[in-house]
Amino acid sequence: MRDIIISHCNVDARVGWFNYLFVGTELHRFHHSASLTESKNYAVTLSFIDIMFGTFYYRPGTLPERLGVVDPDAYPHSNEFWKVMKLPFRSAGKLAFSNQGFSRTPAPGLR
């Protein structure tokens, strides 16, 4: 629980090389980026897990341009429990190449 509180607090804590060891606010912001190239950093505590799986994303001194998802209307409402639970089991092709939440072209306002 402590890790979730630390990574989700909205504090501009820039900790440099420490990001390569532990996940904090600076890394976790990119996890919530609306840009598909930035939305990585899935580890909760130890950054080496993202480094090991190729999902580590760190740009010192910068912030994501926009937080959220590319197409919010493609996702079920949070109160539709079973639809939300099925999201991880959608085929990668459906998610990546259709209008089911992700798109190859950035949403307006994204670079």
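The values are calculated or read from the model by the stated rules, or taken from the named source; none is laboratory data. No experiment lies behind these values; they were computed from the predicted model shown. Using ideal geometry, Cβ is built from the backbone for each residue, glycine included, and neighbour counts are taken over all protein chains shown.
Among the residues of region 4-35, those identified as of a type in the set (A, V, I, L, M, F, W, C) and either buried (at least 16 other Cβ atoms within 10 Å of the Cβ) or free of Cβ contacts under 8 Å to residues at least 12 places away in the same chain (or both) are 5, 6, 15, 17, 18, 22, 23, 27, 30, 34.
The set of residues in region 1-41 that are among the hydroxyl-bearing types (Ser, Thr, Tyr) and either closer than 17 Å to residue 62 by Cβ or at pLDDT 90 or above (or both) comprises 20, 25, 33, 35, 37, 39.
Is region 34-43 home to any residue that is part of a helix (DSSP H, G or I), in contact with a helix residue (DSSP H, G or I) (Cβ under 6 Å, 6 or more places away or on another chain) and closer than 23 Å to residue 75 by Cα? The answer is no, given that none of the residues of region 34-43 is part of a helix (DSSP H, G or I), in contact with a helix residue (DSSP H, G or I) (Cβ under 6 Å, 6 or more places away or on another chain) and closer than 23 Å to residue 75 by Cα. Residues considered: 29, 59, 14. Of these, the only one that is among the charged types (D, E, K, R) and in contact with a Leu (Cβ under 7 Å, 6 or more places away or on another chain) is 29. The residues of region 1-54 that are closer than 19 Å to residue 67 by Cβ and among the acidic types (Asp, Glu), listed by number, are 12, 26, 38, 50.
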